[in-house]
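The values are calculated or read from the model by the stated rules, or taken from the named source; none is laboratory data. Please read these numbers as outputs of a predicted model, since none were measured by experiment. Cβ: placed from backbone, ideal geometry, glycine included. Neighbour counts: every protein chain shown. Heavy atoms of the whole protein, side chains included, go into the accessibility calculation; ligands, DNA and RNA do not. Shrake-Rupley method; radii C 1.70, N 1.55, O 1.52, S 1.80 Å.
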Amino acid sequence: MSTGFFNHTPFPSSEMFRALPMRSSLLKGVLGADLLGFQTYDDSRHFLSTCTRVLAAEAHPKQVRYSGSTTSVDIMPIGIDAGLWEGLRQLDQVKKRTAEIRSMYEGKKIIVGLDALDETMGIHHKLVAVRFALRSFSALRSLF
């Protein structure tokens with residue numbers, strides 16, 4: 001079975017990682033995956049450098065070789081491609097639909113969010129937070 005691991009948090013520099021008492025065990029465990037994903041180039045670079053310095057592994061920009069196995073490494077940013085969305089916003093059909101929505105809700109403010117439709121993503125909590133903020137802070141209500 002193939003396995004993957006995605007690191008959602010910044011990966012520390014090798015200097016910081018080497019301060020951990022279980023550093024070798026942690027790295028060996030992560031290297032048990034077939035594919036490792038990091039959000040940024042720096043996170044990936046820190047991980048590769050740490051593997052080289054702590055485990056004496058053979059690290060390349062897209063993979064780590066250690067103890068007879070190879071683990072692929074890739075950069076997988078989380079977020080939206082703002083340029084793509086700006087380009088889509090300029091399409092005639094999008095401009096038309098935008099005008100329709102503005103006329104439907106004329107005189108009202110609209111809050112737009114882009115979220116995965118997944119219970120674990122906290123959409124309900126975000127809506128509760130917006131309601132709480134609007135009820136609690138009159139300055140925010142005046143914006144709407």
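Do any trypsin sites (Lys or Arg not before Pro) in the stretch 38-144 lie in a loop, going by DSSP, with at most 14 other beta-carbon atoms within 10 Å of their beta carbon, and if so which?
The qualifying sites are 62, 108, 109.
So what's the gap between the Cα centers of the stretch 79-95 and the stretch 8-78, to the nearest angstrom?
35 Å
Taking θ as phi - 60°, what are the ³J(HN,Hα) couplings along the stretch 30-41 by the Karplus curve (6.51, -1.76, 1.60), each to the nearest whole Hz, with x for Gly and Pro?
These are the phi-based 3J(HN,Hα) values: 5, 5, x, 7, 7, 9, 10, x, 10, 6, 10, 4 Hz.
So which chymotrypsin sites (Phe, Trp or Tyr not before Pro) in the stretch 60-110 are both in a DSSP loop and have at most 14 other Cβ atoms within 10 Å of their Cβ?
Here the sparse-neighbourhood loop sites are 105.
Per residue, how much accessible area does the chain show when a 1.4 Å probe rolls over the protein heavy atoms, in square angstrom?
That works out to 76 Å² for each residue.
Helix-derived [θ] at 222 nm for the chain: sum -39500 (n - 2.57) over DSSP H runs of at least 4, divide by residue count, nearest 500?
Helix-only estimate at 222 nm: -13500 deg cm²/dmol.
Please report the carbon-and-sulfur percent of the accessible area for the chain; probe 1.4 Å, protein heavy atoms only, DNA, RNA and ligands left out.
Of all accessible area on the chain, carbon and sulfur atoms account for 59 percent.
If you count the DSSP beta bridges with both ends in the chain, what percent of them are antiparallel, to the nearest 5?
Percentage antiparallel, nearest 5: 45.
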